[in-house]
Amino acid sequence: MHGTAKKNSKMKRWMKLLFRSKTGTVGLFIVVSIVLIAILAPWLAPHEPQTIDPVNTHKPPMWMEGGDRSNILGTDNLGRDILSRIIYGSQVSLLVGISSVVLAGVIGVLVGLFTGYFGGFLDTFFMRLADSFLAIPNILLALVMLGVFGPGLLTLILVLGVTNWVQYARIIRSEVLSIKERDFIRAAKSIGVKHRHIIFSHLYPNVISSFIVVATLSVASTIILESSLSFLGLGIQPPQVSWGTILSDGRDYLATSWWLATFPGLAITISVLGIIFLGDWLRDILDPRTVK
């Protein structure tokens, strides 16, 4: 009963902070909406994203002269419906963003926990490796790896996961270095508790909140990075569609058919802002200093 009451109290505090924060409410609404759009894409999209209609190429949005309700946001150079492609593109962009962050997070959290706890050669090796990764811009490193292994959905997820683990490792390591000096960790060591139990039962629960906040914000940056790589032709490849590929298809028609690149660009912007707003809210609710 006490545990249930504590959970209810925490949930009430979270909801109080949510409704107090306008940006948090907006962020949660945007993220939930995008997730639902991605899940319900087959039912929400008015057309198949790859259906070509040579008769209706470069049709403007319905509120402009020459547009109509059959293609609300217009069509591209092959007559494909822009709205349908944006809706289906949310699936790939979210999949890449979330999957690569999960992969990077698993690597980074494990590295941070073990290097911070054990120190020594293990810590020195991985921190110098992290410095090497930080010395090269993520997009440049991703471009090189994609150039070597070839573009594609799975390759892109693996590349983005491998190139983005450093920030998690450094944050988790710094927290572990602080927490492992506390009395409850010293007491556990003194009575012979195994290192594995200390790491995963005592250290991990105390650093997971920081990981959640960083991971949430990283989804936004990863979506931007995926869009950039797809825009350059080294990310998602046809017939798969993402917001980056839609942007890439429309870059040659900005002067004549502005809607080809504008609407997927807005989708990226709104999604990233929503995730950032949600990350700020999560930072507040997971910070014990915000309890009022």
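The values are calculated or read from the model by the stated rules, or taken from the named source; none is laboratory data. Remember, it's a predicted structure, so these values are computed and weren't measured experimentally. Every residue, glycine as well, gets a Cβ built from its backbone with ideal geometry; the counts of neighbours run over all protein chains shown. Calculation scope for accessible area: heavy atoms of the full protein, side chains included, ligands and nucleic acids excluded. Shrake-Rupley method; radii C 1.70, N 1.55, O 1.52, S 1.80 Å.
Overview of results
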read-out: Selection status of residue 189, of a type in the set (Lys, Arg) and touching a Leu at 6+ places or on another chain (Cβ under 9 Å); value: no
read-out: Whichever residue in segment 124-155 is more than 17 Å from residue 107 (Cβ to Cβ) and in contact (Cβ under 8 Å) with a residue 24 or more places away in the chain and, among such residues, is surrounded by the fewest Cβ atoms within 10 Å (Cβ to Cβ); value: 147
read-out: Residue 215 being closer than 30 Å to residue 64 by Cα and not aromatic (Phe, Trp, Tyr); value: no
read-out: Some residue of segment 40-49 being surrounded by 15 or more Cβ atoms within 10 Å (Cβ to Cβ) and over 24 Å from residue 219 (Cβ atoms); value: yes
read-out: From 203, 232, 177, 225, residue being within 25 Å of residue 281 (Cβ to Cβ) and in contact with a helix residue (DSSP H, G or I) (Cβ under 8 Å, 6 or more places away or on another chain); value: 225
read-out: Where residue 243 falls short, out of the listed (1) free of Cβ contacts under 8 Å to residues at least 40 places away in the same chain; (2) touching a Gly at 6+ places or on another chain (Cβ under 7 Å); value: (1)
read-out: Matching residues in segment 125-161 - criterion: being more than 24 Å from residue 206 (Cβ to Cβ) and either touching a Phe, Trp or Tyr at 6+ places or on another chain (Cβ under 9 Å) or of a type in the set (S, T, N, Q) (or both); value: 132, 133, 138, 141, 155, 158, 159
read-out: Test set (1) at pLDDT below 85; (2) outside any helix (DSSP H, G or I); (3) not β-branched (Val, Ile, Thr) - residue 251 fails condition number; value: (2)
read-out: Matching option when the condition is crowded, with 19+ Cβ neighbours inside 10 Å and modelled with pLDDT under 85, among 244, 274, 279; value: 279
read-out: Test result for residue 192, outside any helix (DSSP H, G or I), open to solvent by 20 Å² or more (accessible area, probe 1.4 Å), of a type outside the set (Val, Ile, Thr) and without any contact (Cβ under 8 Å) to a residue 60 or more places away in the chain; value: yes
read-out: Members of segment 200-223 found to be open to solvent by less than 50 Å² (accessible area, probe 1.4 Å) and small (Gly, Ala, Ser), listed by number; value: 209, 210, 215, 218, 220
read-out: Residues of segment 49-69 satisfying the condition of being in contact (Cβ under 8 Å) with a residue 24 or more places away in the chain and under 15 Å from residue 259 (Cβ atoms); value: 58, 60, 61
read-out: Restricting segment 21-55 to residues that are in a helix (DSSP H, G or I) and in contact with an Asp or Glu (Cβ under 9 Å, 6 or more places away or on another chain), the residue that is modelled with the highest pLDDT; value: 27
read-out: Segment 68-93: number of residues that are part of a loop (DSSP other than H, G, I, E, B) and open to solvent by less than 30 Å² (accessible area, probe 1.4 Å); value: 5
read-out: Unique match (being surrounded by 17 or more Cβ atoms within 10 Å (Cβ to Cβ) and closer than 30 Å to residue 194 by Cα) among 108, 120; value: 108
